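Colleague: Can you keep this structure in mind? I'll have questions shortly.
The values are calculated or read from the model by the stated rules, or taken from the named source; none is laboratory data. The structure displayed is predicted, hence computed values, not measured ones. When we count neighbours, we look across all protein chains shown, and the Cβ atoms used for this are built from the backbone with ideal geometry, even at glycine. Just the protein is used for accessible areas: all its heavy atoms, side chains included, with ligands, DNA and RNA removed. Shrake-Rupley method; radii C 1.70, N 1.55, O 1.52, S 1.80 Å.
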Amino acid sequence: MALYLEHFGLSEPPFRITPHTDFFFEGADRGATLEALIYAVLHDEGIVKVSGEVGSGKTMLCRVLMERLPQHVATIYLATPSLAREEILHAIADDLELTLSPERRRVALRELQEHLIALYGAGRRVVILIDEAHVMPEDTLEQVRLLSNLESNRHKLLQIVLFGQPELDQTLAKAALRQLRDRITHSFRMRPLALAEVAKYLSFRMRAAGYRGPEVFTPRAVRLVARASGGLTRRINILADKALLAAYTENTHAITDRHVRAAVADSEFAAARKPARPVLYVAAAAVAGLAIGATAQWIVNSPPPAKVQAPAPAAVPVVAPAAAPPAAIEPAEPVPQVQSEPEPEPEPEPEPEPQLTVEQSRRFAGYSAAGQRLLAERLAASREMLERADDEGYALELFVTENTDPSRMERFLLRARELVPLEELYVIPVAAGGQYRLWVIFGKFGSRDEAQAAGRRLPPRYQEAFRAVPRSFGELRRQL
């Protein structure tokens with residue numbers, strides 16, 4: 001049991017990395033995805049895919065789905081998807097308490113179908129939840145496709161939900177699996193949490209564990225957790241747990257950026273992160289007299305300064321400069337008796353650094369507008385927007401399509417300009433597994449609430465056709 005429970009008034013550890021369904025966080029579209037999964041399972045929607053990075057919460061979502069499904073739905077949870085083609089049939093039969101014939105696979109498949117028909121006649125539905133599906137052999141994935149074909153005269157007998165890492169998308173993009181890919185009716189992506197969502201997540205987990213006081217994590221601490229974790233819930237849990245322990249050892253109840261830096265220094269995943277602008281931070285840390293170990297973590301996790309300040313004298317810690325930058329100083333009243341040198345012109349503000357990496361830019365440029373004028377204009381505007389937009393800004397995702405035909409997208413833009421300002425529509429090509437998908441987004445907004453409010457003002461036709469989900473620009477860049 002965690003040492004800090006009594007110190008913070010907790011009834012149980014709030015940041016365990018094992019899935020605990022009482023701690024399911026419905027923010028960051030998790031709740032909406034869960035509802036959509038339940039609907040798909042109960043309405044014969046065929047195969048559904050849920051993908052996301054390691055530690056993004058896929059297994060937690062799977063466990064909650066198992067709990068929330070009605071009692072007449074029998075769930076089969078396959079946690080070892082590396083099963084061979086024949087083994088998966090018997091694994092399903094074992095969960096259904098069915099003994100299959102040891103004869104040919106076709107006979108076993110027919111026996112399974114007859115059993116499923118009997119269950120359906122008794123008012124039962126069966127759903128197979130396959131975790132870590134990205135490691136499933138291609139031959140076994142083909143067997144999954146055959147299982148999805150099992151049906152009565154009018155209804156599917158099996159619902160199948162695949163949970164996997166982004167490598168699953170690459171596998172399904174192969175030509176040999178196009179028939180399986182065509183049977184996937186819904187695809188959901190477990191995106192990382194944005195900064196505001198990390199703050200809500202930390203607060204939710206603390207209160208779900210019994211905490212009843214004011215917010216424990218300071219805003220600076222939340223920013224460091226969000227940056228070091230990349231918004232992945234498993235990493236957030238690891239850092240938050242270690243930060244609570246660090247605060248407990250100091251007998252304090254406020255989690256500050258210092259505690260989070262100590263947590264980052266003690267976390268394996270943070271060691272692989274590359275430092276940002278190391279020269280600036282090493283110099284500042286040396287002047288301040290920081291220890292080398294703490295310096296390394298500050299380099300990795302502190303936000304870069306907006307403007308390079310002149311170094312302070314050695315005896316003054318470089319935490320906040322004593323004087324404001326020259327551009328911010330009000331000019332003094334002229335003194336006629338004193339002749340002084342004219343104040344030098346302030347240096348122009350440096351151009352903001354591009355937000356896209358070289359690899360992201362290369363992938364973006366890999367999709368061609370093929371001579372379509374409006375599409376070429378929107379692609380150029382979209383790239384410029386992603387280069388400059390702040391990570392914490394938002395846009396509305398209208399839809400994602402795998403049909404990347406430039407002439408089709410041009411026709412969409414021709415129709416769209418009659419309904420919305422075309423300069424607020426952006427088209428983002430995302431490469432996965434050697435193929436492109438097109439994300440169509442709308443607007444630029446300062447917060448998630450502003451984006452949601454704009455979604456309610458979209459033309460009725462768009463509100464009916466599109467979900468209009470807020471996406472942060474940081475998330476959009478990560479998709480590249």
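Colleague: Hey, what's the per residue convex hull volume over the C-alpha atoms of region 18-159, in cubic angstrom?
Modeller: Values: hull volume 15.9 nm³, N = 142.
Spread over its residues, the Cα hull of region 18-159 gives 112 Å³ apiece.
Colleague: Right, another one. Just going by the charge dipole of region 132-227, with Lys and Arg at +1 and Asp and Glu at -1 on Cβ, which of LEU202, GLN159, ASN149 is farthest out on the positive end?
Modeller: Result: LEU202, furthest along the dipole toward the positive end.
Colleague: PRE reach from GLU142 (point 7 Å along Cα→Cβ): which of region 66-90 fall under 13 Å by backbone N?
Modeller: Once the point is set 7 Å along Cα→Cβ of GLU142, 85-86 turn out to lie under 13 Å by backbone N, inside region 66-90.
Colleague: Right, next: Which far-off residues, 5 or more places away or on another chain, put their amide H under 5 Å from the one on LEU398, with H placed in the peptide plane?
Modeller: Those qualifying (amide H under 5 Å, at least 5 residues apart or on another chain) are VAL440, ILE441, PHE442.
Colleague: Moving on to the next point. Accessible area per residue for region 396-461 in Å², computed with a 1.4 Å probe and the full protein assembly in place, what is it? Walk me through the intermediate numbers first.
Modeller: Numbers: 3290 Å² over 66 residues.
Per residue, region 396-461 has an accessible area of 50 Å².
Colleague: Still on this model: Would you please state which residues of region 57-86 a label at GLU12 would reach in this model, taking the label point 7 Å out along Cα→Cβ and a backbone N cut-off of under 20 Å?
Modeller: 57-69, by backbone N distance to the label point.
Colleague: So for the pair ASP266, ASN251, with labels modelled 7 Å out along Cα→Cβ, what separation do we get in nm?
Modeller: About 1.9 nm separates the two model spin labels.
Colleague: Roughly how many nanometres apart are two label points built 7 Å out from the Cα toward the Cβ at HIS186 and ALA79?
Modeller: 2.5
Colleague: Given R₀ = 45 Å, what would the calculated FRET efficiency be for LEU414 paired with GLU87, taking r from the Cβ atoms and rounding to 0.05?
Modeller: Numbers: r = 52 Å, r/R0 = 1.16.
Computed FRET efficiency for LEU414 and GLU87 comes out at 0.30.
Colleague: Oh, and also: Calculate, in nm to one decimal, what ARG373 and ILE38 gain on full extension: separation in residues at 0.36 nm each, minus their alpha carbon distance. Working shown, then result.
Modeller: Values: separation 335, 0.36 × 335 = 120.60 nm, distance 4.20 nm.
Extra length available between ARG373 and ILE38 comes to 116.4 nm.
Colleague: While we're here: Give me the distance between the Cα centres of region 109-132 and region 246-265, rounded to whole Å.
Modeller: What the calculation gives is 51 Å, centre to centre.
Colleague: Just to verify a number: FRET efficiency for THR218 and ALA381, C-beta to C-beta distance, R0 = 41 Å, to 0.05?
Modeller: Working: r = 38 Å, r/R0 = 0.93.
Result of the calculation: an efficiency of 0.60.
Colleague: Moving to a separate point now. Which FRET efficiency value, to the nearest 0.05, is calculated for ARG207 and HIS72 with the Förster distance at 56 angstrom and r the Cβ-Cβ distance? Could you put the intermediate results ahead of the total?
Modeller: On the way: r = 34 Å, r/R0 = 0.60.
The pair ARG207/HIS72 has a calculated efficiency of 0.95.
Colleague: Could I ask something else about it? Summarise the accessible area of region 1-75 (1.4 Å probe, protein heavy atoms) by the percent that is carbon and sulfur.
Modeller: 51
Colleague: Give me the percent of the accessible area of region 93-154 that comes from carbon and sulfur atoms, probe 1.4 Å, all protein chains in place.
Modeller: Values: 1490 of 3410 Å².
On region 93-154, the fraction of accessible area on carbon and sulfur atoms equals 44 percent.
Colleague: Please give the residues of region 60-101, grouped as numeric ranges, whose backbone N is less than 16 Å from a label point set 7 Å along the Cα-to-Cβ vector of ALA118.
Modeller: Label zone hits: 93-101.
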